[in-house]
Every structure is written in structure tokens, then in C-alpha cells.
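The structure appears right after this line, and notes come after that.
Values quoted throughout were computed directly from the atomic coordinates according to the rules given, and no laboratory measurement underlies them. Here the structure is a predicted model, which is why all the values come from computation and not from measurement. Here Cβ is always computed from backbone atoms with ideal geometry, including for glycine, and neighbour counts include all displayed protein chains.
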Amino acid sequence: MRVLLIGANGYLGRFVADRLLADPAVQLTALGRGDDADVRFDLATGSPGALTRFLDAVHPGVVVNCAGTTRGGARDLTRHNTVAVATVCEALRRSGCGARLVQIGCGSEYGPSQPGSSTAEDAVPRPGGPYGVSKLAATELVLGSGLDAVVLRVFSPVGPGTPAGSPSAASPRRCAAPCSPATPN
């Protein structure tokens with residue numbers, strides 16, 4: 001299966017890339033802004049037409065979009081989290097590849113919650129800031145696109161390489177004492 005991974009060098013994208021590369025049935029192409037991408041393309045400034053031509057040439061069965069940003073002002077967040085997704089959706093609509101879009105969303109789309117509470121998937125989104133608004137707008141674009149698409153909302157990813165300044169960057173320090181050592185059942 002041919003997979004186009006957008007944002008393969010980002011915090012989440014690199015883990016997705018590792019998993020996809022481990023599957024011998026997957027032919028992976030990485031598209032991104034960095035020099036180490038298979039194909040350099042900036043979704044925030046690139047045209048849907050150029051991306052459409054690329055999609056038609058590569059003909060992926062699945063497009064996974066892990067691209068985006070967690071930092072910056074409202075303008076940067078909108079460009080990299082919303083306009084970029086609009087570019088992907090429009091290119092997929094124009095393309096003849098028929099790929100399924102897997103869009104990575106975010107728990108911030110739901111807005112703040114009370115500590116210790118959980119958020120149901122069908123909760124009404126009420127983002128509390130520009131980041132959540134930009135991600136929710138992207139989700140709405142994908143869900144209203146008419147494409148074969150799914151949005152996966154990720155909540156508080158924490159692990160090796162968590163970007164400094166990300167909302168979950170402080171989590172390992174906050175939970176280090178209560179989280180270790182594990183108590184056997």
C-alpha cells in the first residue's frame with residue numbers, strides 16, 4: 001500500500017513514520033518542509049494544484065497528515081493548522097488518486113476541562129485559545145470535505161522528544177513522582 005505521510009519529521013509524525021517503515025507492505029513517501037523529507041512542500045504556502053499533481057503522480061492509497069504547529073500567534077497557527085489542511089483537502093478533491101485522508105486532530109479542540117475529568121468523543125468542542133480554534137477549524141474542513149476521511153484527536157502526547165513549550169511538556173515532571181515506581185496489582 002502506498003502511503004503519503006505529511007509531517008513525518010514532527011513530534012507525532014516521526015513515530016507514525018517509524019511504524020509505517022516497519023511494515024514491509026507499506027511504500028512510504030514523506031512530504032514536508034524540511035530537507036530530510038522525500039518531497040519538500042509547504043502546505044501553508046503551496047498551491048492545491050501543485051499538491052494535486054504530486055498526488056496524481058504518486059497515487060497513494062492513504063494520506064496521513066501529521067503536519068501542524070503548537071506554537072505561535074493566531075496567524076501562524078491558522079496558516080499551519082487550518083490553511084494547510086484546506087490545501088490537502090482541495091488537492092485530494094481534485095486528484096484522481098482516491099486516497100483516504102487520516103487527519104491528526106487534538107484534544108485542545110474540546111477546550112479546557114476539569115482536572116480528573118474525561119471528555120467524551122461527542123462532547124461539544126469549545127476551544128479555549130487560538131491553537132484549539134485552528135485545529136477545530138481543520139477538523140471541520142476535513143469532516144465537511146466529502147472526502148473519505150477520518151480525524152484522530154490526540155490527547156496530551158508525552159514521551160521522548162516532547163517539544164519544549166508544548167502543552168504536555170511539563171507533564172513528565174508533574175507526574176514523575178506519582179507515576180513511578182509502578183505498584184504491582
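The phi torsions of region 84-101, fed into the Karplus equation with coefficients 6.51, -1.76 and 1.60 and a -60° offset, translate into couplings of 4, 5, 4, 4, 4, 4, 5, 5, 5, 4, 6, 6, x, 6, x, 5, 7, 9 Hz, rounded to whole numbers, with Gly and Pro shown as x. Between amide H atoms placed 1.01 Å from N, distances below 5 Å from residue 153 occur with 105, all of them 5 or more places distant or on a separate chain.
Charged side chains reduced to their Cβ positions (Lys and Arg at +1, Asp and Glu at -1) give the chain a dipole of some 300 debye around its Cα centre.
The C-alpha atoms of region 16-126 occupy a region whose extents along the principal axes are 47, 35, 27 Å, arranged from largest to smallest.
Here the ratio of the Cα radius of gyration of the chain to 2.2 N^0.38 Å is 1.08.
Taking all Cα pairs closer than 8 Å and separated by 6 or more residues, the relative contact order of region 2-154 comes to 22 percent.
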